């Protein structure tokens, strides 16, 4: 992969590439900005101005003055004292992405750090060594303090990290392997490393890419179910959705319409079956609402990817250091809550289609629970149970955290976003929705096999992809194995790329 240039505008897909292993490069003009910002900060410090986190303590300790001789040690102390995270480690992909986003923010030149600091971070990313970072500990308000402290202790030769082979090693071993000495932090550099939204933004970028792919697969999965249940297609005509022009709805309708093209199984809605149940007939409206939630989420995430979320900030016209609050993650917290609500409802409608596929009271002429030998065999009965359990978990995970607040730092930090909590919950939500969609694909493909007829063009392609991994169910076997096989399809590119991201598909 070509390197991703930091210091220029980046998007969620580029961050995802870095997470997956792409190297980073630093824009030369950005490095010049950083050098200028560093010189400017030190000229302001030398003028005798009080600068938060440099000549003062942190948080509620802002009233405490710090002498020049103590300033460098205070930056190291900040990393050490704030490395108090707990719980499972964040995925290495998230940590790589977060370090890259912090580099990108520092490269804007408003943080007062040296170019050498950013170059050391880029070296760490490109080396394949990844810091060990616990998932719990950030309130998403003064930035992602605890996870950031764990991540950046490595560059001073402390903390822990995974080597390129995945073995857990000390930060000192990492630097020795890279042939560099521990970096001695200068004024404000410890604060600049941990004060920001980069861990929330990193998870957000990865969620945005994952959710976008999953929306396409969900549309395709819905089309498989509609085809399998011999649904009516007029509900997806372009002229219907033009009368309610929600962009996400229009795109989902186009996807479903496109996937069902050339099917001999679907009906035209002019006979006895004028209209289907909502989970089929309103699929575009429901999926479209989830698309709008993801769109809102992605817009806010990509703003933060290119933002400066440090504090305080250095400006050159006039020369000034301003204490403010760009580290506060409220916009991200709200975005993550919105995402999880959208994912929960999308999972719920997928489960309703699974129910219709397997249940003899709703699946038409299909055998009970899609078993060729119903009674002696349970078929795919339990898949609906498993999907229902996942929906319940999705609903619990959709509980908003952005409306919560636990004041800290002696009430100096009296409103926190809890956005990192919402971010980690969002990763869990996506994994559950992926499994529900896999269950729907398994059931839809089984139904098509049990009730012959030519499916739509893309439904047929999806069916073929599933059958490459999972044979038709002829007698009971552990469905968990089927799930594992189809889940790789749902989380990969093969199905998502069948549907172009273009609402102007054939009507």
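The values are calculated or read from the model by the stated rules, or taken from the named source; none is laboratory data. Since we're looking at a predicted model, the values are computed, not measured. Don't worry about glycine lacking a Cβ; one is built from the backbone with ideal geometry, like all the others, and counts go over all protein chains shown.
Return yes when residue 363 is touching a strand residue (DSSP E or B) at 6+ places or on another chain (Cβ under 8 Å), surrounded by 16 or more Cβ atoms within 10 Å (Cβ to Cβ) and touching a residue at least 12 places away in the same chain (Cβ under 8 Å) and no when it is not.
Considered against the rule, which asks whether it is touching a strand residue (DSSP E or B) at 6+ places or on another chain (Cβ under 8 Å), surrounded by 16 or more Cβ atoms within 10 Å (Cβ to Cβ) and touching a residue at least 12 places away in the same chain (Cβ under 8 Å), residue 363 comes out as no.
When you scan the stretch 134-232 for helices (runs of 4 or more DSSP H) that lie fully inside it, which ones turn up with 1 or more residues that are farther than 14 Å from residue 79 by Cα and in contact with a helix residue (DSSP H, G or I) (Cβ under 8 Å, 6 or more places away or on another chain)?
Details: elements: 145-152, 171-178, 189-194, 198-228.
Because the criterion is at least 1 residues that are farther than 14 Å from residue 79 by Cα and in contact with a helix residue (DSSP H, G or I) (Cβ under 8 Å, 6 or more places away or on another chain), the helices (runs of 4 or more DSSP H) in the stretch 134-232 that meet it are 171-178, 198-228.
Quick check on the stretch 93-112. Is at least one of its residues closer than 23 Å to residue 15 by Cα and surrounded by fewer than 22 Cβ atoms within 10 Å (Cβ to Cβ)? Step through it out loud before you land on a result.
Initial filter on the stretch 93-112 (closer than 23 Å to residue 15 by Cα): 93-111.
This time we only want the ones that are surrounded by fewer than 22 Cβ atoms within 10 Å (Cβ to Cβ), so: 93, 108.
Scanning the stretch 93-112 turns up at least one residue that is closer than 23 Å to residue 15 by Cα and surrounded by fewer than 22 Cβ atoms within 10 Å (Cβ to Cβ).
Any chance the stretch 55-68 includes a residue that's surrounded by 14 or more Cβ atoms within 10 Å (Cβ to Cβ), farther than 23 Å from residue 326 by Cβ and either in contact (Cβ under 8 Å) with a residue 40 or more places away in the chain or not assigned by TED's automatic domain parsing to the domain that holds residue 142 (or both)?
no
When you scan the stretch 413-432, how many residues do you find that are in a loop (DSSP other than H, G, I, E, B) and within 22 Å of residue 198 (Cβ to Cβ)?
Of the residues in that region, 4 qualify.
Please indicate, with yes or no, whether at least one residue in the stretch 92-108 is in a loop (DSSP other than H, G, I, E, B) and within 19 Å of residue 305 (Cα to Cα).
yes
Being outside the structural domain of residue 439 (by TED's automatic domain parsing) and either crowded, with 24+ Cβ neighbours inside 10 Å or without any contact (Cβ under 8 Å) to a residue 12 or more places away in the chain (or both): is that true of residue 189 here?
yes
Filter the stretch 74-89 down to residues that are over 26 Å from the mean Cα position of the chain (by Cα) and loosely packed, with under 14 Cβ neighbours inside 10 Å, then give me how many there are.
Result for the stretch 74-89: 1.
Given (1) surrounded by fewer than 18 Cβ atoms within 10 Å (Cβ to Cβ); (2) within 30 Å of the chain's Cα centre (by Cα); (3) not in a helix (DSSP H, G or I), identify the lone condition not met by residue 48.
Result: residue 48 fails condition (2) only.
Residues are listed down the side, and each one gets a yes or a no for (1) in the same structural domain as residue 408 (by TED's automatic domain parsing); (2) touching a strand residue (DSSP E or B) at 6+ places or on another chain (Cβ under 9 Å); (3) within 30 Å of residue 425 (Cβ to Cβ):
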residue	(1), (2), (3)
79	no, no, yes
82	no, no, yes
85	no, yes, yes
97	no, no, yes
118	no, yes, no
141	no, yes, yes
146	no, yes, yes
154	no, yes, yes
183	no, no, no
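Any idea which of (1) part of a loop (DSSP other than H, G, I, E, B); (2) closer than 14 Å to residue 458 by Cβ is the one residue 269 doesn't satisfy?
Of everything listed in (1) part of a loop (DSSP other than H, G, I, E, B); (2) closer than 14 Å to residue 458 by Cβ, residue 269 misses just condition (2).
Could you tell me which residue of the stretch 275-323 is farthest from the chain's Cα centre (by Cα), considering only residues that are part of a strand (DSSP E or B) and in contact (Cβ under 8 Å) with a residue 60 or more places away in the chain?
319
Would you check which residues across the stretch 325-343 are surrounded by 23 or more Cβ atoms within 10 Å (Cβ to Cβ) and assigned to a helix (DSSP H, G or I) and list them?
Answer for the stretch 325-343, where residues must be surrounded by 23 or more Cβ atoms within 10 Å (Cβ to Cβ) and assigned to a helix (DSSP H, G or I): 332, 333, 335, 336, 337, 339, 340, 342, 343.
Determine, yes or no, whether residue 263 is assigned to a loop (DSSP other than H, G, I, E, B), surrounded by fewer than 24 Cβ atoms within 10 Å (Cβ to Cβ) and on the phi < 0 side of the Ramachandran plot.
yes
From the list 448, 382, exactly one residue is closer than 24 Å to residue 492 by Cα, more than 27 Å from the chain's Cα centre (by Cα) and modelled with pLDDT of 95 or more. Which is it? Write out each step before concluding.
Numbers: 382 fails: closer than 24 Å to residue 492 by Cα.
Exactly one residue qualifies, and that residue is 448.
Assuming residue 93 fulfils every condition listed in (1) within 17 Å of residue 159 (Cα to Cα); (2) at pLDDT 95 or above apart from one, which condition is it?
In the conditions (1) within 17 Å of residue 159 (Cα to Cα); (2) at pLDDT 95 or above, residue 93 misses (1) alone.
State whether one or more residues within the stretch 482-499 are over 25 Å from the mean Cα position of the chain (by Cα) and assigned by TED's automatic domain parsing to the domain that holds residue 207.
yes
Only residues in the stretch 222-247 that are in the same structural domain as residue 286 (by TED's automatic domain parsing) and farther than 25 Å from residue 448 by Cβ count as the first member; pair them with residues that are at pLDDT below 95 and exposed (fewer than 15 other Cβ atoms within 10 Å of the Cβ), Cβ under 6 angstrom, at least 6 apart or cross-chain, and list the lot.
238/507
Tally the residues that are closer than 26 Å to residue 317 by Cβ and touching a helix residue (DSSP H, G or I) at 6+ places or on another chain (Cβ under 8 Å), restricting the search to the stretch 2-44.
Residues flagged as closer than 26 Å to residue 317 by Cβ and touching a helix residue (DSSP H, G or I) at 6+ places or on another chain (Cβ under 8 Å) within the stretch 2-44 amount to 9.
Within the stretch 387-406, how many residues turn out to be out of contact with any helix residue (DSSP H, G or I) (no Cβ under 7 Å at 6 or more places or on another chain) and either under 12 Å from residue 339 (Cα atoms) or part of a loop (DSSP other than H, G, I, E, B) (or both)?
Qualifying residue count, the stretch 387-406: 5.
Which residue is surrounded by the most Cβ atoms within 10 Å (Cβ to Cβ), if the candidates are limited to the stretch 274-314 and must be closer than 29 Å to residue 42 by Cα and touching a strand residue (DSSP E or B) at 6+ places or on another chain (Cβ under 7 Å)?
314
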